[in-house]
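Input: a single structure, listed below in structure tokens.
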Amino acid sequence: TLLFGGEDGNERRKGFKELITAIQYCLKDEEFQSLFGADKIKLICFGHPNDDLELLGIPVEPLGYLDSDEKIRAAYSSADLFILPSLEDNLPNTDLEAMSCGTPVVVFNAGGVPEMVANGVTGRVVPLGDSEKMGEALLSLIFDVDKREVMGEECRRKIEEEYALSIQGRAYLELYEE
């Protein structure tokens, strides 16, 4: 299950066009195609999807706006990978939410995103706007269940060690005291 989403998928800086190109790259892979044919890969989108997703010719299950912590947790926890194709972002909650649920992420090297995602450890960071590299990263993780499981465990560990409320609160207190 590949999960992605955003408030407005048509907003250019969210990178949905690059995501579509990355999925099209994956569709050139015969093994990936066979998984789709056997209904073993699902694309799931929360928020408002990009209008061009229909061009993929494969089903994308829309979840709409997730209006509760339970729905958000269920979406991230059910995914094998979370894809964040943003071309501009600072410290997006979606990455933190996915990682908190033990879901590895595939992201572009944009803004503060690489500060959260340890390439090869909690996910894959690919060059900004490089849809082919994003497709390669997706394929490599789709076909390596063991790597995804280890990454998922590392995601959760990183969140608990670096992003827990008590840790963030202490960091703000130290900053204010300074």
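The values are calculated or read from the model by the stated rules, or taken from the named source; none is laboratory data. Treat the numbers as computed from the prediction; the structure is a model and nothing was measured. We place every Cβ from the backbone using ideal geometry, glycine too, and count neighbours over all the protein chains shown. We work out accessible area using only protein heavy atoms, side chains counted, and drop any ligands, DNA or RNA first. Shrake-Rupley method; radii C 1.70, N 1.55, O 1.52, S 1.80 Å.
Within the option set D89, D95, D80, being surrounded by 14 or more Cβ atoms within 10 Å (Cβ to Cβ), among the acidic types (D, E), in contact with a Gly (Cβ under 8 Å, 6 or more places away or on another chain) and under 22 Å from G47 (Cβ atoms) holds for one residue only, D89. Would you point out the residue of the stretch 114-152, among those that are of a type in the set (G, A, S) and over 19 Å from E162 (Cβ atoms), that is surrounded by the fewest Cβ atoms within 10 Å (Cβ to Cβ)? The residue in question is S140. Scanning the stretch 153-178 for residues that are open to solvent by less than 40 Å² (accessible area, probe 1.4 Å) and touching a residue at least 24 places away in the same chain (Cβ under 8 Å) returns C155, K158, I159. Out of the residues in the stretch 1-40 meeting the condition of being of a type in the set (A, V, I, L, M, F, W, C) and surrounded by fewer than 18 Cβ atoms within 10 Å (Cβ to Cβ), tell me which one is farthest from V113 (Cα to Cα). Only one residue tops the list, namely A38. Is it true that some residue in the stretch 30-51 is polar (S, T, N, Q) and in contact (Cβ under 8 Å) with a residue 60 or more places away in the chain? Checked the stretch 30-51: no residue is polar (S, T, N, Q) and in contact (Cβ under 8 Å) with a residue 60 or more places away in the chain. Tell me, which residue of the stretch 41-77 that is of a type in the set (S, T, Y) and closer than 23 Å to G152 by Cα is least open to solvent (accessible area, probe 1.4 Å)? So, considering only residues that are of a type in the set (S, T, Y) and closer than 23 Å to G152 by Cα, the one least open to solvent (accessible area, probe 1.4 Å) is Y76.
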